[in-house]
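Report on the structure given below.
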């Protein structure tokens, strides 16, 4: 007589458990949806911020373009740019190892503006040493290039009457020394701002001793791009 009531009670308990499980799944689903909404909200905020930054950058670039256009095609005339380069009078033979005889040529290059004032301009420096003992047949003694911004900054010396680039050009192994004790220095400077190229050239005297051979050391501050058969050890005590 009581069995149906028992079964009814069991059914109610089962339904309660099932309902509780459904409620837990609903709670988990709500949490997952809430997390997704948070992620989407954060991503939307990030994208809005990036869009605002981009718009600000575009506005800044547009203002720069407008300012350059206002200056017109002759805007470089308003800047302090190179008019020519000069070789400082101290350019000449140099001793790098402390022994008799010069070990190369130290070249002092000074870019100047239209008023003749020194200007620290960035660019590529190319120094070519030539032996012109045989007229009409110049012989290259070495090619030295500085085209690395860091090495270019290190080569600049500023002070009282010393606003110039210094390029130390050691004799190249295997290349015979000039018989006339005179070397033609030819310098080319490519201005990175204007793209213009400037040249300067002069003859310098070098001191050589009888039977002198090329030193096996390289001068301190040797620029990158030197055309030589291989690395050379630094000169002891050379400055």
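Counting every other Cβ atom within 10 Å of each residue's Cβ, 31, 151, 168 order from fewest to most as 31, 151, 168. Mean separation of Cα pairs under 8 Å and 6 or more residues apart, divided by the residue count, gives segment 84-205 a relative contact order of 29 percent.
The gain in end-to-end length when the residue 45 to residue 32 segment is fully stretched comes to 2.7 nm, 0.36 nm per residue minus the alpha carbon separation. Our summary gives segment 150-217 a relative contact order of 26 percent, counting only alpha carbon pairs under 8 angstrom and 6 or more residues apart.
The overall shape of segment 70-198, judged from the alpha-carbon gyration tensor, is prolate: a/c is not under 1.5, and a/b is greater than b/c.
In plain terms, the residue of 85, 146, 119 with the fewest other Cβ atoms within 10 Å comes first and the most crowded comes last, giving 119, 85, 146.
Listed from fewest to most Cβ neighbours within 10 Å, the set 61, 193 follows the order 61, 193.
With the simple model of a label 7 Å out from the Cα in the direction of the Cβ, residue 119 to residue 133 spans 4.1 nm.
Coordinate-derived values only; no laboratory data. Please read all numbers here as calculations on a predicted model, not as lab measurements. All Cβ positions, glycine included, derive from the backbone under ideal geometry; neighbour counts span all protein chains shown.
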